[in-house]
1. Sorted from fewest to most neighbouring beta carbons within 10 Å, what does the list 303, 450, 74 look like?
2. Please work out the C-alpha center-to-center distance from region 57-98 to region 206-242 and express it in whole Å.
3. Fewest to most neighbouring Cβ within 10 Å: what's the order for 162, 388?
4. Got a sec? How would 167, 417 order by Cβ neighbour count within 10 Å, fewest to most?
5. For region 347-462, rounded, prolate or oblate, judged on the Cα gyration tensor with a ≥ b ≥ c (square roots of eigenvalues), a/c < 1.5 rounded, else prolate if a/b > b/c?
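Each value in this text was obtained by applying a stated rule to the coordinates, not by laboratory testing. Keep in mind that this is a model prediction, so the values were computed, not measured. Because the Cβ atoms are built from the backbone with ideal geometry, glycine has one as well, and the counts that use them run over all protein chains shown.
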């Protein structure tokens, strides 16, 4: 039978491959990549133990494959510069000897390590946040218990009332934290589902305001006669979290809610009239884990609010307005049904830097979760292709800045866009990225779990999976 012309020859394989032959499992043939991997351009006649003297696992492949038919090992190697790499090395009996293939898993290993690291930090931060109300409850309970054992007087009534009220407030705070943790976990795993349906903006906001904390401080402006395609339960829950964050930061004064019509979106604006956030805080106000400059706490309520909005195909961001800040919730208008999409993995375009960098790791993370990923040097280089998601660093010279978002958003079916920002304060150059169409701006170092949660939300809206 003639070889399948669609399959590459062994010489064309992009990973190290060699054929071991007798005697003693010496290299009878290898591709060019194997020579680079072994550090010897011509490795014919050499044994694996000779090529990799510090790695007994690789040296045993000949014997194990001849004995068992097929084996696979995961090994760590260090290059001349000391950098570690991780490989899957497989060997199987073949005609004429043993065929050995090594696949570089470094990017996947680094991606998994990064995700586990974020999860560890998140769990520690959440535990710290839960410890505060528990400590307050214990302190008040101890004080009230001591007062109960002492002679009781009328003067003790205010203390008892204050203590019981404080305990009730701390229990409410714990309920909020546990609810946020549950919603965040459900979103990270893709278990948070949205049931989208057309709903009038006026009805949605009136219900959301009534159910929100500090509802008496909220003033609704004129509302358009328009419908949005959302899960109303998710949007009401998101609005409640936003209102709680605003009320906590600005303890007095009105909270105004207005609407703007912008293209195919209805944008709900929540303004508190408070001072502008510091740039370091503004950069990551929706993240899951604390960063320097953000103060104490995980800020999980706003993180969950962003995910709930994203599950309905909407976007949530915070932007400056004069000397203050405001939240903007951009919701898809329900004038036309969303385009049909065949079920399947999420199709993602990752615009890489020259060195790959963090976006190279992001591509590996998306592949780990079964998504189809294409990499390119600029958003315009694969303009004709259709993608559900584009991940890009707009500050790269070849990326084109915020102006590069316009052609992506102008497509008949625009992709969801995620933008990365350099470490430290968020640059003014990206201040309008969300208004121009990005779902979120993610500061570096990237909170990988936050990125993955946004991608999972995108996949749910697209019907991918």
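1. Details: 303 26, 450 23, 74 12.
Placing the least packed residue first, the sequence is 74, 450, 303.
2. Using only Cα atoms, the two centres lie 59 Å from each other.
3. On the way: 162 13, 388 24.
Fewest-to-most ranking of 162, 388: 162, 388.
4. Numbers: 167 18, 417 27.
Ordered from fewest to most neighbouring Cβ atoms within 10 Å, 167, 417 come out as 167, 417.
5. Details: a/c = 1.27, a/b = 1.06, b/c = 1.20.
Here region 347-462 falls in the rounded category.
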